[in-house]
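Derivation of every value follows stated rules applied to the coordinates shown; laboratory data play no part. All values reported here derive from a predicted model rather than from experimental measurement. Please note: Cβ atoms are built from the backbone with ideal geometry, for glycine as well, and neighbour counts cover all protein chains shown.
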Amino acid sequence: MKKLILQMQMSVDGFVGANDDHRWQLWEWGDDIGWDQELKQDFNTVFAGIDTILLSRKMAEEGYLSHWGNAAKKFPRDPFYAFARRVVEVRKVVPSDRLKTSRWERTAVVSGDLPRQVEALKGGEGGDIIVFGGAGFASSLIAAGLVDEFQLFINPAVLGAGRRIFDQGGFRNLRLLGSKAYACGMVVNRYAPAR
């Protein structure tokens, strides 16, 4: 069975989004990436085992797919952008009751019961599924108990307020799978639900 892996950048105090324009993430969508080479390499290693991206409607409409598609074209031989090429190549699934069809390549729009849709994806053949989306999307997956692995990218920032992903419950105890600190200041913690 495939794993559903939720990757999320967050602050040291557990927020995934700020309520202001303060730039706190070491990596945003632009070309100015504060990640060190080892973190970039590890990120690409994880992405190599992925064959499906579960993407929130909002992130899809805000340009995630077109941005990384353009990056894959702009940097075709840059080893850091191997993940961008994977974004283009792999299957994408956007759960939405608003959208009826996809305007993105290799992307399906699914509607209806989110847990049922995710369980169907997890039951398929192939590599794992990675999740990208905002706090609300992540919270709904967590509350439904659908996440098999959390990859939390802890930025060296304290926000003091903002949006969180664990406010709706879903998992009480997690089991640490690994933790790694990087020269850029990021710490990546990997957890699985302690079932």
* Taking H placed 1.01 Å from N in the peptide plane, check which residues at least 5 places from M10 or on another chain put their amide H under 5 Å from its amide H. => F153, I154, N155
* Cα gyration tensor shape for the chain, rounded if a/c is under 1.5, else prolate or oblate -> rounded
* Structure fact -> With the charge dipole of the range 34-190 built from beta-carbon charges (+1 for Lys and Arg, -1 for Asp and Glu) about the Cα centre, the Cα from A72, A138, F171 projecting farthest to the positive end belongs to A72
* To do: Scan around S111 for amide H atoms under 5 Å from its own, H built in the peptide plane at 1.01 Å from N, and keep only partners 5 or more places away or cross-chain.
  => S96
* For the range 43-52, in order, what is each residue's ³J(HN,Hα) by Karplus, 6.51 cos²θ - 1.76 cosθ + 1.60 with θ = phi - 60°, in whole Hz (x at glycine and Pro)? -> 4, 5, 4, 4, 5, 5, x, 9, 10, 9
* **Inter-part distance where the range 171-195 and the range 57-104 are each reduced to a Cα centre, Å** => 26
* To do: At most 15 other Cβ atoms within 10 Å plus a DSSP loop assignment makes a site exposed; report the longest stretch of the chain without any exposed GluC sites (Glu not before Pro).
  => 126-195
* Asked: Mind listing the phi-derived Karplus ³J(HN,Hα) values for the range 111-125, rounded to whole Hz, using 6.51, -1.76 and 1.60 with θ = phi - 60°, and x for any glycine or proline?
  -> 10, x, 5, 4, x, 5, 4, 5, 4, 5, 5, 5, x, x, 7
* To do: Taking the Cα centre of the range 34-190 as origin, work out the dipole magnitude from +1 charges on Lys and Arg Cβ and -1 charges on Asp and Glu Cβ, in debye rounded to 20.
  => 300
* Structure fact -> Listed with the fewest Cβ neighbours within 10 Å leading, T107, T52 appear as T107, T52
* Structure fact -> Whole-Hz Karplus couplings 3J(HN,Hα) for the range 126-138, θ = phi - 60° and coefficients 6.51, -1.76, 1.60, Gly and Pro as x, run x, x, 6, 10, 10, 10, 10, x, x, 4, x, 5, 4
